[in-house]
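Structure, as structure tokens:
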Amino acid sequence: MTFNTTLVAGSSTLGTSAREENRWQLQDTFTYVAGNHSLRFGFDIQRVDSTFIDLNDATGTFNFADPLSTTTVPQCLTDPTQPPGPSNPRIRGGVNTFPRSCVVRYRHNFFTDSNVVNTYTGLFFQDDWRLRNNLTLNFGLRWERETVIEDDNNFGPRVGLAWSPFKNGKGVVRFGAGIFYNRVLLRTVDDYRRGLNEIIFDTNRVTSTGGARDVYLAALSNQFPQTLTPDSPLIQQYIAAGLNNNSFFRSLDENIKIPESYQFNFGFEREIGKGFVAEANFTLNKTIRLWREINTNAPIIPQGFSDLADYLANGITTGNIRFEFAGLTAPDSRTDDGITYYNLNSQNRSTSSSTPYGRALVIADSLRPFPQFGQTEQVGSMGASWYRGLILEVRRRYRQLGMGFGGSLRAAYTLSYLDDDGIVNTSSAQTPGDFGAEWSRSLLDRRHRFALSGTFDTPWWFGKLRFSPILRVGSSAPFNISNGGQTADDRNLDDVNSDRPDFSGNIRDIVWRDVNDPVPLKVAQQFSLAPIGRGGNLPRNAGTGPAQFIFDINVSREWRFGERMRLRPQIEFNNVLNAAVFSFGSEFINFEAVSANPTPAQLEELRTGFLVPTRAYRPRQIRIGIRFDF
């Protein structure tokens, strides 16, 4: 139960879920050695029975607040025995409506579970062929099949070569290449198969005109705190009225495939001194058929126009409504000779039917393939990613250092590039289906990374403790700037809030800042909402975010009891220095429009929000554990 100016009784603000999974697995590998050949073949069979349950509003949620001024619900009136009127006003505030059982809203979701049964089969064959004492060739083939997706031809050939060119055997050249397949993401399949039988009941979907909503609220107020059931007359009336539209329909593309990656690696390893090894590896990884999302019921742009903004401005020539590209600060509309002209460059975020956005939205709805429906999301195999990386590594093998001390050390530097067209398997493009325009640095891309780790043992007089520190440093990662989550932030009118703003400056100036740093007002003023009917010109992931610094350490002590039993308590310190390592959380922020002469309040909002990271990596944490091997 939550109370502020509104009292909420239920689970609507607590979005959560549950999953039940039964998994059976049969796996084995066989090895056969014949001369210079070491043959391996095997199988892996898994059967997964997964049930996902969305618990959001699963038990019913009542709201108590100020009822509508036109309410006729008796419990919401000062005198429930008298009809509403000036002498019998409505009561106000959740603290008053709750004791009177004056329900102002009710939400309840039914049949929100989904079941997926998937059988995974993997078969493989591999031959390690020792051609010479210093040359080994391995090659093989793997086949995978998952019944939840119609994709049978997942053959993954692999080949590798290891060659030691030096007589002393202290160096090796390695080469490897292969095709690999992802596992099906059952959680996504759950989401896109659920909803056919789902009932999403919300009294706010019922019009308040003519007292229609009051019929529902009066019945709910009479039976509070008893909740509804799927066969309740109110539920059946709600469905018959066509109100159970489940917000939007989701589906899987009938041609969806399992993502596949083409990997290549070339490396060289060499012992460069007593106990020291240097290694260099170059890796390529091209992944295709990544899952992405598209609204298949987005408005279709009429032929001959570049986008909806172009159509609105130049394609509507009849009637008493026109659209035009006026200035960013020009009025929302003007009337000339009986015709109202609406400004497509309006920065007004209101969706009222009298605003430019509201007027444009009505026209956009008429251009849908199915105008009677709204957003229709479909997941298909449309995405891709491309990784190139060079890793340089130096290792010091474990050795005794004297006086009871011992240790090993590893230092690694990575120079890498990672590009993609989406960060998750349900990413949507700004322009429906145009993922080529989304191609950019990945949110996971850090050009430079350095890691230093080691293991250090101490003698008995220091408690025989083992210290295992690891330091990770990375250069900046990008972040994305979007319009925001309001309805009117969807400037291209495709139902999806993936739109980015227009930007008229130098992209290199979009750099994160500390909340105490000066506000780059000039940069802020170079952002604006794109014209209604068009996505912004700002590329995806255009911002430059903060660098990364993480220092952790593990301290442990081991006791042995005979040959088989070991006891090892440990303490793990995360972020030892408690450094403030900033992050943008989900790696995107929403822009805020800035006027030419911002007020003090707007300047303060900019100071605390513009290009300022919203989160930080974990603070210092101390975890204590114990492990017993027997």
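The values are calculated or read from the model by the stated rules, or taken from the named source; none is laboratory data. Fair warning: this is a prediction, and the values are worked out from it, not measured in the lab. Ideal geometry is used to build each Cβ from the backbone, glycine not excepted, and the neighbour counts take in all protein chains shown.
Those residues that are assigned to a strand (DSSP E or B) and either on the phi > 0 side of the Ramachandran plot or of a type in the set (A, V, I, L, M) (or both), I need them from segment 16-41; list them, please.
Kept after step one, since they are assigned to a strand (DSSP E or B), are these residues of segment 16-41: 17-34, 37-41.
18, 26, 33, 34, 39, listed by residue number.
Is it the case, given these coordinates, that residue 597 is of a type in the set (S, T, N, Q), assigned to a loop (DSSP other than H, G, I, E, B) and in the same structural domain as residue 422 (by TED's automatic domain parsing)? Walk me through it before giving the result.
Details: of a type in the set (S, T, N, Q): yes; assigned to a loop (DSSP other than H, G, I, E, B): yes; in the same structural domain as residue 422 (by TED's automatic domain parsing): yes.
It is true that residue 597 is of a type in the set (S, T, N, Q), assigned to a loop (DSSP other than H, G, I, E, B) and in the same structural domain as residue 422 (by TED's automatic domain parsing).
Evaluate the following for residue 117: is it surrounded by fewer than 16 Cβ atoms within 10 Å (Cβ to Cβ), touching a residue at least 60 places away in the same chain (Cβ under 8 Å) and either in a helix (DSSP H, G or I) or not assigned by TED's automatic domain parsing to the domain that holds residue 19 (or both)?
Values: surrounded by fewer than 16 Cβ atoms within 10 Å (Cβ to Cβ): yes; touching a residue at least 60 places away in the same chain (Cβ under 8 Å): yes; either in a helix (DSSP H, G or I) or not assigned by TED's automatic domain parsing to the domain that holds residue 19 (or both): no.
For residue 117, the condition - surrounded by fewer than 16 Cβ atoms within 10 Å (Cβ to Cβ), touching a residue at least 60 places away in the same chain (Cβ under 8 Å) and either in a helix (DSSP H, G or I) or not assigned by TED's automatic domain parsing to the domain that holds residue 19 (or both) - is not met.
So which residues in segment 484-509 are touching a Ser or Thr at 6+ places or on another chain (Cβ under 6 Å) and under 16 Å from residue 367 (Cβ atoms)?
496
Just the residues that are touching a strand residue (DSSP E or B) at 6+ places or on another chain (Cβ under 8 Å), farther than 15 Å from residue 385 by Cβ and β-branched (Val, Ile, Thr), please, taken from segment 259-316.
Once the filter is applied, which keeps residues that are touching a strand residue (DSSP E or B) at 6+ places or on another chain (Cβ under 8 Å), farther than 15 Å from residue 385 by Cβ and β-branched (Val, Ile, Thr), segment 259-316 yields 272, 277, 294, 296, 316.
Filter segment 494-533 down to the residues that are charged (D, E, K, R), in a loop (DSSP other than H, G, I, E, B) and within 30 Å of residue 322 (Cα to Cα) and list them by number. If you could, list the steps in order and put the result at the bottom.
Filtering segment 494-533 for residues charged (D, E, K, R) gives 494-495, 499-500, 502, 508-509, 513-514, 517, 522.
Among the residues that remain, those that are also in a loop (DSSP other than H, G, I, E, B) are: 494-495, 499-500, 513-514, 517.
Within segment 494-533, 494, 495, 499, 500 qualify.
Would you please name the residue that is nearest to residue 376 (Cα to Cα), looking only at residues in segment 199-254 that are aromatic (Phe, Trp, Tyr) and in a helix (DSSP H, G or I)?
Here the residue is 238.
Within segment 188-197, can you find the residues that are of a type outside the set (Ser, Thr, Tyr) and surrounded by 16 or more Cβ atoms within 10 Å (Cβ to Cβ)? Working first, answer last.
Going through segment 188-197, the residues of a type outside the set (Ser, Thr, Tyr) turn out to be 189-191, 193-197.
Those that are of a type outside the set (Ser, Thr, Tyr) and surrounded by 16 or more Cβ atoms within 10 Å (Cβ to Cβ): 189, 190, 191, 193, 194, 195.
Filter segment 608-628 for residues that are β-branched (Val, Ile, Thr) and in contact with a Lys or Arg (Cβ under 8 Å, 6 or more places away or on another chain) and give the result. Show your work before the answer.
Keep residues of segment 608-628 that are β-branched (Val, Ile, Thr), which gives 608, 612, 614, 622, 624, 626.
Hits for segment 608-628 are 612, 626.
Six or more apart or on different chains, Cβ under 6 Å: which pairs go from a residue in segment 502-521 that's in the same structural domain as residue 540 (by TED's automatic domain parsing) to one that's exposed (fewer than 13 other Cβ atoms within 10 Å of the Cβ) and part of a loop (DSSP other than H, G, I, E, B)? Could you list them?
502/537
Using the structure shown, decide if residue 69 is assigned to a loop (DSSP other than H, G, I, E, B), in the same structural domain as residue 215 (by TED's automatic domain parsing) and modelled with pLDDT under 85. Reasoning before the result, please.
Working: assigned to a loop (DSSP other than H, G, I, E, B): yes; in the same structural domain as residue 215 (by TED's automatic domain parsing): yes; modelled with pLDDT under 85: yes.
Criteria met by residue 69.
Taking segment 318-347 on its own, how many of its residues are surrounded by fewer than 17 Cβ atoms within 10 Å (Cβ to Cβ) and among the polar types (S, T, N, Q)?
Qualifying residue count for the region: 6.
Matching residues to (1) among the small types (Gly, Ala, Ser); (2) touching a residue at least 12 places away in the same chain (Cβ under 8 Å); (3) over 22 Å from residue 22 (Cβ atoms); (4) surrounded by 15 or more Cβ atoms within 10 Å (Cβ to Cβ):
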{"residue": "131", "(1), (2), (3), (4)": "no, yes, yes, no"}
{"residue": "138", "(1), (2), (3), (4)": "no, yes, yes, yes"}
{"residue": "141", "(1), (2), (3), (4)": "no, yes, yes, yes"}
{"residue": "144", "(1), (2), (3), (4)": "no, yes, no, yes"}
{"residue": "156", "(1), (2), (3), (4)": "yes, yes, yes, yes"}
{"residue": "163", "(1), (2), (3), (4)": "no, yes, yes, yes"}
{"residue": "178", "(1), (2), (3), (4)": "yes, yes, yes, yes"}
{"residue": "199", "(1), (2), (3), (4)": "no, yes, yes, yes"}
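Given the residues 551, 573, 588, 584, which is the only one that is in contact with a Lys or Arg (Cβ under 8 Å, 6 or more places away or on another chain), at pLDDT below 90 and surrounded by 14 or more Cβ atoms within 10 Å (Cβ to Cβ)? Reasoning before the result, please.
On the way: 551 fails: at pLDDT below 90; 573 fails: at pLDDT below 90; 588 fails: in contact with a Lys or Arg (Cβ under 8 Å, 6 or more places away or on another chain).
Residue meeting the stated conditions: 584.
Quick one: in segment 221-242, which of the residues that are of a type in the set (A, V, I, L, M, F, W, C), under 26 Å from residue 374 (Cβ atoms) and touching a residue at least 60 places away in the same chain (Cβ under 8 Å) is surrounded by the fewest Cβ atoms within 10 Å (Cβ to Cβ)?
Within segment 221-242, the subset of a type in the set (A, V, I, L, M, F, W, C) is 224, 228, 234-235, 239-241.
With the extra rule that they be under 26 Å from residue 374 (Cβ atoms), the set shrinks to 228, 234-235, 239-241.
This time we only want the ones that are touching a residue at least 60 places away in the same chain (Cβ under 8 Å), so: 228, 235.
Numbers: 228: 20, 235: 17.
Within segment 221-242, the match that is surrounded by the fewest Cβ atoms within 10 Å (Cβ to Cβ) is 235.
Going through 35, 85 one at a time, which residue ends up being loosely packed, with under 14 Cβ neighbours inside 10 Å and closer than 30 Å to residue 143 by Cβ?
The conditions single out 35.
Please pick out the residue among 445, 494, 489, 419 that is touching an Asp or Glu at 6+ places or on another chain (Cβ under 8 Å), modelled with pLDDT under 95 and either on the phi > 0 side of the Ramachandran plot or charged (D, E, K, R) (or both).
Details: 445 fails: modelled with pLDDT under 95; 494 fails: touching an Asp or Glu at 6+ places or on another chain (Cβ under 8 Å); 419 fails: modelled with pLDDT under 95.
It is 489.
Just one of the numbered conditions (1) aliphatic (A, V, I, L, M); (2) over 25 Å from residue 221 (Cα atoms); (3) buried (at least 19 other Cβ atoms within 10 Å of the Cβ) is not true of residue 77; which one?
Residue 77 satisfies every listed condition except (2).
What are the residues in segment 132-162 that are part of a loop (DSSP other than H, G, I, E, B) and either over 16 Å from residue 37 (Cα atoms) or touching a strand residue (DSSP E or B) at 6+ places or on another chain (Cβ under 6 Å) (or both), if any?
At the first step, the residues of segment 132-162 found to be part of a loop (DSSP other than H, G, I, E, B) are 133-134, 147-153.
147, 148, 149, 150, 151, 152, 153, listed by residue number.
In segment 409-461, what residues are polar (S, T, N, Q), in contact (Cβ under 8 Å) with a residue 60 or more places away in the chain and outside any strand (DSSP E or B)?
First pass over segment 409-461, keeping only residues polar (S, T, N, Q): 414, 416, 425-428, 430-431, 440, 442, 453, 455, 458.
Applying the additional criterion that residues be in contact (Cβ under 8 Å) with a residue 60 or more places away in the chain yields 425-428, 430-431, 440, 442.
Those that are polar (S, T, N, Q), in contact (Cβ under 8 Å) with a residue 60 or more places away in the chain and outside any strand (DSSP E or B): 425, 426, 427, 430, 431, 442.
Output the qualifying pairs, or none if there are none: Cβ atoms under 6 angstrom, residues six or more apart or on different chains, first residue in segment 474-501 and farther than 18 Å from residue 427 by Cβ, second residue assigned to a loop (DSSP other than H, G, I, E, B) and polar (S, T, N, Q).
Partner pairs satisfying both residue conditions: 487/351; 488/351; 501/483.
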